[in-house]
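Engineer: Pasting a structure below so you can have a look.
What follows draws every value from the coordinates through simple rules; no lab data is involved. Note that the structure is a prediction, hence the values are computed from the model and not measured. Glycine also receives a Cβ, built like all others from the backbone with ideal geometry; neighbour counts cover every protein chain displayed.
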Amino acid sequence: MDTKNVKILIVGGGIGGFALAAYLQRHGFSPVLIEKCNEWKTIGYMISLFPSGMRILEDLGVAHMLKQDGKKLSKFVLRDNNGKLIWSKSFSEIENRFGPVTEVERELLHTMVREAARGVSVRLNTTIERIDQKPEGVLVMFNDGKEEQFDLVVGADGIHSGMRRYVRTRISSEYSGCTFWLMWLPYPKVDFSPDNMEIYFCNGKAGLESILRNIEIF
């Protein structure tokens, strides 16, 4: 297969979209990635990266970027508002068999996969207006009115995917009843175990969570 002549469009510039773009580029393809935002913003929460995810970052050559800002987790702990243990889960067995579980900020992980996909054609402020499946390929109309044909179109545009309607029209997101308010505070002001993820529930409606070098209130 002449990979250079295979036209692939990736819709969505998140972690999944850039990871796919990086792998395609490594295998000789020249994908195009589009993103509706006009710049990369600091969004998202923390991500617990299990060994399988770490192996992908190692394979992409960017795992070293976690050495300074990633945090290895030894245990996941739930406590009540008085600090009484509700439930805990040690990651020691996983670490011994496969490798550590690492807590990482989404922004850093996004930066890492963007670095891995350096050289990929990225079009910001770009969305899809229409897709037509044809025998010879997929005809895509973008928000600027231009049309372009691709051999493959991949939807990687997240939970509020605009691509989903082209696959299954009756799928929609539903409110779960949970709402989170997030803020960052200096870690040294509160004494938490640096190796555990600890969540404290207060009156069943709010909590306190320790993560990385900071703590987070929600």
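Engineer: How about segment 1-75: which trypsin sites (Lys or Arg not before Pro) there lie in a loop by DSSP and see at most 14 other Cβ atoms within 10 Å?
Structural biologist: Details: sites: K4, K7, R26, K36, K41, R55, K67, K71, K72, K75; in loops: K7, K36, K41.
Sparse-neighbourhood loop trypsin sites (Lys or Arg not before Pro): K41.
Engineer: If you don't mind, there's one more thing I want to ask. For a quick check of your reading of the filter: which GluC sites (Glu not before Pro) in segment 1-87 sit in a DSSP loop and have no more than 15 other Cβ atoms within 10 Å? Walk me through the numbers on the way to the answer.
Structural biologist: Values: sites: E35, E39, E58; in loops: E35, E39.
Those satisfying the criteria are E39.
Engineer: Can you give the local net charge around N96? Use residues other than it whose beta-carbon is closer than 15 angstrom to its beta-carbon, Lys and Arg +1, Asp and Glu -1.
Structural biologist: +2
Engineer: Which one, I43, H27, N96, is farthest towards the positive end of the dipole of segment 15-106 when Lys and Arg carry +1 and Asp and Glu -1 on their Cβ?
Structural biologist: Highest projection toward the positive end goes to N96.
Engineer: Between V101 and residues 5 or more places away or on another chain, which pairs have amide H atoms under 5 Å apart, with H built 1.01 Å from N, and which residues are they?
Structural biologist: The answer is L73.
Engineer: How big is the Kirkwood radius of segment 1-74, worked out from every pair of different alpha carbons and given in Å to one decimal?
Structural biologist: Here the Kirkwood hydrodynamic radius works out to 14.4 Å.
Engineer: What does a probe at F201 reach in segment 61-97, counting residues whose amide N is under 11 Å from the point 7 Å along Cα→Cβ?
Structural biologist: 78-81, 86-87
Engineer: Can you give me the long-range amide H partners of E129? Hydrogens built in the peptide plane at 1.01 Å from N, cutoff under 5 Å, separation of 5 or more residues or another chain.
Structural biologist: M141, F142, N143
Engineer: Once the other residues with Cβ under 15 Å from the Cβ of N5 are scored (Lys, Arg +1; Asp, Glu -1), what is the net sum?
Structural biologist: -2
Engineer: Regarding segment 1-137, what are the three Cα extents along the principal axes, ordered largest first, in Å?
Structural biologist: The Cα atoms of segment 1-137 stretch 61, 31, 30 Å along the principal axes, largest first.
Engineer: Summing +1 for each Lys or Arg and -1 for each Asp or Glu, what net charge is found among the other residues whose Cβ lies under 12 Å from the Cβ of R130? Intermediate results must be reported in sequence, preceding the final value.
Structural biologist: Details: positive: K146, R165; negative: E129, D132, E147, E148.
Value of the local net charge: -2.
Engineer: Order by neighbour count: M197, M46, M141, fewest other Cβ atoms within 10 Å first, most last. It would help to have the intermediate numbers written out before the result.
Structural biologist: Working: M197 23, M46 19, M141 14.
Ascending Cβ contact count within 10 Å gives the list M141, M46, M197.
Engineer: Taking neighbour counts of Cβ atoms within 10 Å as a proxy for exposure, in what order, fewest first, do T102, T111 appear?
Structural biologist: T111, T102
Engineer: Restricting to segment 1-139, what percent of DSSP beta bridges are antiparallel, rounded to 5?
Structural biologist: Numbers: 15 of 21 bridges.
Just about 70 percent of them are antiparallel.
Engineer: If neighbour count is taken as other Cβ atoms inside 10 Å, put S161, S52, S90, S176 in order from fewest to most. The partial results should precede the final answer.
Structural biologist: Numbers: S161 16, S52 9, S90 13, S176 6.
Ranking S161, S52, S90, S176 by Cβ neighbours within 10 Å, fewest first, gives S176, S52, S90, S161.
Engineer: How large is ³J(HN,Hα) for each residue in segment 50-63, as worked out from phi by the Karplus curve 6.51 cos²θ - 1.76 cosθ + 1.60 (θ = phi - 60°), to whole Hz, x for Gly and Pro?
Structural biologist: Each residue's phi maps through the Karplus curve to give 7, x, 5, x, 5, 5, 5, 5, 5, 5, 7, x, 10, 4 Hz.
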